[in-house]
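Some notes on the structure that comes next.
The values are calculated or read from the model by the stated rules, or taken from the named source; none is laboratory data. Small disclaimer: the values here were computed from a predicted structure and weren't measured. When we count neighbours, we look across all protein chains shown, and the Cβ atoms used for this are built from the backbone with ideal geometry, even at glycine.
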Amino acid sequence: MAFAGSPGTSFAQPSKSAYMNVVLQDGSISFLAVDSLGKNKVDTNMLAAPSTRNCNATISGWGSGKQEHSFSLYSSFTKESVPRPLTLEFTIDSHATLLGLFNETGQIKLPALLHFPAHGTLRITSPQHGLALDYDAKHTPEESFIRVTFPAATAEHKSVEYNLEVTAIYPAMENKSIANDPRFDGYRRDFLSMLQLNPRRRALANNVASDTCAFTVFEYSAMAVELPLLAPGLSAVDILRQTLDRYIGGMKAYGMVGYNDSPVIKWDFLDTYPSLLMACADYVRASNDTAWVKRNWSVLKTWADKMISYDTDGDGLLEYPLSGNSGSWPEKMTARPANWWDTIGFAHKDAYSNALAYKAFEAMQMLAEKAGTPHQVEDYRKRAQQIKAIYYKTFYNPATGVLAGWKSADGKLHDYYFLFVNGMAVTYGLVTQQQGNAIWDKLMAKMKEVGYTNFAFGLPGNLIPVRKEDYVDSRNRFGGSKNADGSDGFQIYENGGATACYAYYTIQAMRTLGRNKEADAILYPLIQSFEDGRFQGRGPNGMTYDWMTWDGKPHGYEGLLVDGYLTLLAAVPSQRKTT
């Protein structure tokens, strides 16, 4: 396989430009870096080792003009020199992901995108039809890799060509002054980073080698519908549909009973089916694929029925089977709580999951209409109205002036100044403007009181420690504490740790309430942190930066957690009430 600007050409100049740095050595690629914005951010090698050599490989350099941001791979078959595939192996910390559509054998069909968070994107195309790339990833203590393999020419297909072009893919910014604003570089470079395909699950996941989580699919869909075409014949909503089809086909994910036979997941999380239905609605709105809705309606309705079955007292709100009472969580975990925030004791009436349930029942009205079952539209409308009517009075805590995280079976409100809960309630219209502003006056005052100021680290989920009696995971590594007040676990992981995850809802709540100056004060430092790759990688303590203490010490474990990139949705023109 040869690497060239055009077949049969050879150039002596270095293979480096402001957009890419590709070192071709002894018939293999030993260095690969890309910069989607052409700002010379090309000094970090994404490869774990030189690419697999090919027995007939020759080294060619670069052409001119367009070649500063593109190159091609050629493979030719002869009886005397049978080529081997070209395998690129990337470091797990590169979080390289191949984005495209899987064929029946698990290969990714072309066109496809090879994306590197905080760096850039290569669009991969070919003039030949029917080509597909092998793709695999694994991350265990014993073995870690991400591999993308370009099949070589064969006796049947004697010549194969792959074209790789550095590109930046993000929702267009109509205002040219914003489009050229360097404060938005992280937006342009990293909007695509929300989408990471796990090749072994064949679905969107926390990252390329991590869990699939059904309760996060609504985040992927919210951003996928904003993206322009990824390549001719490939859209982000195609990739979203592929993941939804996996769940419709029965795939289990974290947060669902039966995933990896986990003994601590005894009920589907309350946010699982709302997330899936919200994502289905996003897909259908973007694609107008009515046939897909009709074909899958029985499954979508089953998901909605499962949501309804959680309303055990008939008040409209979903109740998780566990009580959520303080002190009800044993020292050794026996069951997970109700939602994404799976080390905090959310249970019974969960404010976060019920905000999503409200949006899901709204989504079901449209889906029922598309499915040709208009008689069910009213049922889902009433369900959504029930939640909205009772939400504020159920979760509002007059003692603090904000919404609590959950109301336990004993009637107690559990309130730790949860930013994401209150942000989601405002963003989804579950409180009035007056109520929302009063809530956020209290939250911003509390943030100032506790001294959280460095928005480059993201935001804490909660502003005060979660008490030991309300925390599910007793391990300090995950925010658990020995002290009753939870202070010795505070700022670690979900117990008030700083993260980009769910910061979107704080920023968007500010925009909804007309508090744009406060919104931008949080948004701009966060975008810069994405540009700098601040939320990925591993620190000296061996932990990762997806979660940090308030002074920036890492306490995460994913290495990269795509949920954080939802923040960039707050920079999309349609979301911004710009300042």
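At a glance:
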item	result
Among (1) crowded, with 18+ Cβ neighbours inside 10 Å; (2) over 20 Å from P199 (Cβ atoms); (3) modelled with pLDDT of 90 or more, the one test that G27 misses	(3)
Residue in segment 8-23 that is assigned to a loop (DSSP other than H, G, I, E, B), modelled with pLDDT of 50 or more, of a type in the set (K, R) and surrounded by fewer than 19 Cβ atoms within 10 Å (Cβ to Cβ) present	no
A445, sole failed condition from (1) exposed (fewer than 15 other Cβ atoms within 10 Å of the Cβ); (2) within 25 Å of Y557 (Cβ to Cβ)	(2)
Exclusive hit being over 20 Å from S326 (Cα atoms) and in contact (Cβ under 8 Å) with a residue 60 or more places away in the chain, set Y504, Y557, Y545	Y504
Residue list for segment 523-538, filter: over 16 Å from H95 (Cβ atoms) and surrounded by fewer than 21 Cβ atoms within 10 Å (Cβ to Cβ)	Y524, P525, Q528
Qualifying residues in segment 391-420 (those that are in contact with a helix residue (DSSP H, G or I) (Cβ under 9 Å, 6 or more places away or on another chain) and assigned to a helix (DSSP H, G or I)) - the one nearest to V431 (Cα to Cα)	Y392
Residues satisfying the stated conditions in segment 490-540, i.e. among the small types (G, A, S) and closer than 15 Å to V572 by Cα	A503, A509, A519
Filtered residues of segment 465-488 (kept if more than 16 Å from M333 (Cβ to Cβ) and either of a type in the set (V, I, T) or touching a Leu at 6+ places or on another chain (Cβ under 7 Å) (or both))	none
Any hit, segment 436-445, residues being over 20 Å from A355 (Cα atoms), without any contact (Cβ under 8 Å) to a residue 60 or more places away in the chain and not acidic (D, E)	yes
Test for L113: is it of a type in the set (A, V, I, L, M), within 20 Å of L37 (Cβ to Cβ) and within 23 Å of the chain's Cα centre (by Cα)	yes
One residue from V264, V299 being outside any loop (DSSP other than H, G, I, E, B) and farther than 25 Å from E226 by Cα	V299
Condition check for A236: assigned by TED's automatic domain parsing to the domain that holds A360 and modelled with pLDDT of 95 or more	no
Check on V426, more than 30 Å from F191 (Cβ to Cβ) and crowded, with 23+ Cβ neighbours inside 10 Å	no
Residue satisfying all of: in segment 324-354; farther than 19 Å from C213 by Cα and of a type in the set (K, R); farthest from the chain's Cα centre (by Cα) among these	K332
Some residue of segment 268-275 being within 23 Å of P111 (Cβ to Cβ), surrounded by 17 or more Cβ atoms within 10 Å (Cβ to Cβ) and not polar (S, T, N, Q)	no
Residues located in segment 286-345, provided they are under 23 Å from D470 (Cα atoms), touching a helix residue (DSSP H, G or I) at 6+ places or on another chain (Cβ under 8 Å) and of a type in the set (A, V, I, L, M)	L317, L318, A338, I344
